[in-house]
1. In which sequence would Trp441, Trp400, Trp219, Trp163 go, from the one with the fewest C-beta neighbours within 10 Å to the one with the most?
2. So which aspartates and glutamates can Lys12 reach, going by Cα to Cα under 12 Å and dropping same-chain residues fewer than 8 places off?
3. FRET efficiency for Val459 and Lys370, Cβ-Cβ distance as r, R0 = 35 Å, nearest 0.05?
4. Between Asp249 and Leu320, what is the spin-label point distance in nm, taking each point 7 Å from the Cα along the Cα→C-beta axis?
5. Applying 1/(1 + (r/R0)^6) with R0 = 56 Å to the Cβ-Cβ distance of Asp294 and Thr20, what FRET efficiency is obtained, to the nearest 0.05?
6. Checking the table Lys95/Lys435; Lys263/Lys315; Lys247/Lys315; Lys213/Lys435 against a 23 Å threshold on Cα-Cα, which pairs fail?
7. To the nearest µm²/s, what D does Stokes-Einstein give for region 105-144 at 37 °C and 0.692 mPa s, using the Kirkwood radius over alpha carbon pairs as Rh?
8. Can you tell me the order of 23-34, 101-112, 81-92 when each peptide is scored by its average per-residue count of other Cβ atoms within 10 angstrom, highest first?
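Every number here is computed from the coordinates shown, using simple stated rules; none is lab data. Please read all numbers here as calculations on a predicted model, not as lab measurements. Cβ: placed from backbone, ideal geometry, glycine included. Neighbour counts: every protein chain shown.
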Amino acid sequence: MTTEIVASLIQKMGKDLVRTDPKTLQEFARDMTENPAGLPDLVVYPLSSENVRTVLSEANRLKVPVTCVVANTNLGGLAIPQQGGIVMNLTRMNKILEVNEADQYALIEPGVTWQQMSDHLEQNHPGLRFAYPLSPPETGIVPNCIMDGLANLSLRHGSASQWINALEVILPNGETLRTGHLSYGGRPCTNAPFPNLNGLFVGFQGSTGVVVKMAVQLWPSRKYRKRAFLLAYDVESAYGFSNHLAKQDLVDDVGTLSLASGKMLFGEYRPLYRDPNEPLLFIYIDLSSNYEKDFACKQEILIDMVAEWRAQGAKFDGPLDLDELVRIEPRFGKFAKFPTRLDFLLDHPGGGLTWVGTYGPTSRFAEGYKKGAEILAKHNLPPVVVCRPMGAGHFGVLRWITVFDRDNEKEVAQISAVNRELADMAIEMGFFPYKTPQWVWDRYAQRINPAFRQIIKDVRHLLDPNGIMNPGHLQFP
Ligand SMILES: Cc1cc2nc3c(=O)[nH]c(=O)nc-3n(C[C@H](O)[C@H](O)[C@H](O)COP(=O)(O)OP(=O)(O)OC[C@H]3O[C@@H](n4cnc5c(N)ncnc54)[C@H](O)[C@@H]3O)c2cc1C
């Protein structure tokens, strides 16, 4: 079957776009995480929606699995071809097709990266801004939006699926589905008033079709901007303050990083020791405005607010301007401009990076930090914890990050066990892992409402009756 599909795709697309050499196949067999590997049989590099249609039609005819990928950095093992077959590498479909300044949206292809969007807006549309995650600059916008990721404007604009106005999708049977205002050829400035069929492709981990165009929201850029850090010495004040601030409609972003994350930035591989005089958490804050007076006023309010919390017993240092911090220690420059590359998470000798990243109630951040730190300490791992309120403080992200040696089996087994322990605890507290790895579905399937599970299965079956799209992921027993 592989020989047949390779021959047919080479004939239809040309041999440059179809690869079967072992080096290429190995490249897509695993990611940075502890999730199990899966070797593809071939990798295809479509240049157009027509190429995507050709691959899907052939794969559907011969019932060969298809797994899409852009940068393979989702950290849930989601682009690993668990059942082999075709990896569809979408990096070459990377055009920004339109930026509409008046109606504030961009229409993009699936391989467009965060860096590309940032450069494009800066050079051509400086009046508009987009949101940027902490993922490497070469990672994809479309995968992040359909996987409901988060970024530096998620406090204002929610998780990434909420920025999607409309989609064009090639379905496994080769048909083209257009949602929202793309469905009749209108301007994709919103999904309203249509039924939100974007949802058929959000959170489905590439199992319902291949997104070939996405219209995403853009927002007005701000003339005055500041990024500042507060150093916090107790957990309750740190999370109490950041949650309070999130609800004031004052800042663009607020989040907390544990001390261990900061130490990793300064080159420690697994920082375990904390001097009692060191802060426990860093609170980072983004402020912006288009008006000088408003900007000055916002800064004043922030300083007053910090003073009020101090007067009530919170131990904070700062706020310290990021620009000043960078002058003192250039390594803080990693946070000066997004997108950025957090090389301390990526370029260490073991090469492994994983997390239990969850969404849930911000009111339980402090409890989650403490319980997670206890679990990690038990396993001699540092408390690398990042939290961020999102959607105006309605919910937030709580995630524990671990770096490890991918080639050390003992360590991989240890990290897998720790992640399960962390996830058990998070789920008890009302958080659920996003970009959800298969082990999470396996472990918690029985807790999930049976009708909910069935509808997910039914939707997949409706759109992909032969089950060729990313099998082995988002799978319920
Ligand atoms: C250091 C680091 C920091 C990170 N920080 C953040 C962060 O702050 N916020 C955040 O949200 N994420 C973060 N991530 C996770 C990830 O990097 C981002 O979500 C990124 O945008 C994913 O893009 P990708 O190109 O790697 O997606 P991939 O891993 O290639 O794909 C993700 C999923 O989407 C599917 N898919 C891809 N394209 C399509 C398509 N066109 N149609 C259908 N299915 C498709 C794939 O099959 C897979 O299931 C981080 C990762 C790292 C390594």
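1. Values: Trp441 19, Trp400 28, Trp219 15, Trp163 24.
If I rank by nearby Cβ atoms, fewest first, I get Trp219, Trp441, Trp163, Trp400.
2. Glu50, Glu58
3. Numbers: r = 38 Å, r/R0 = 1.10.
For R0 = 35 Å, the calculated efficiency reads 0.35.
4. Here the answer is 3.3 nm between the modelled labels.
5. 0.45
6. Lys95/Lys435
7. Working: Rh = 10.4 Å.
The estimated diffusion coefficient comes to 315 µm²/s.
8. On the way: 23-34: 17.9, 101-112: 20.3, 81-92: 22.3.
Top to bottom by mean Cβ count within 10 Å: 81-92, 101-112, 23-34.
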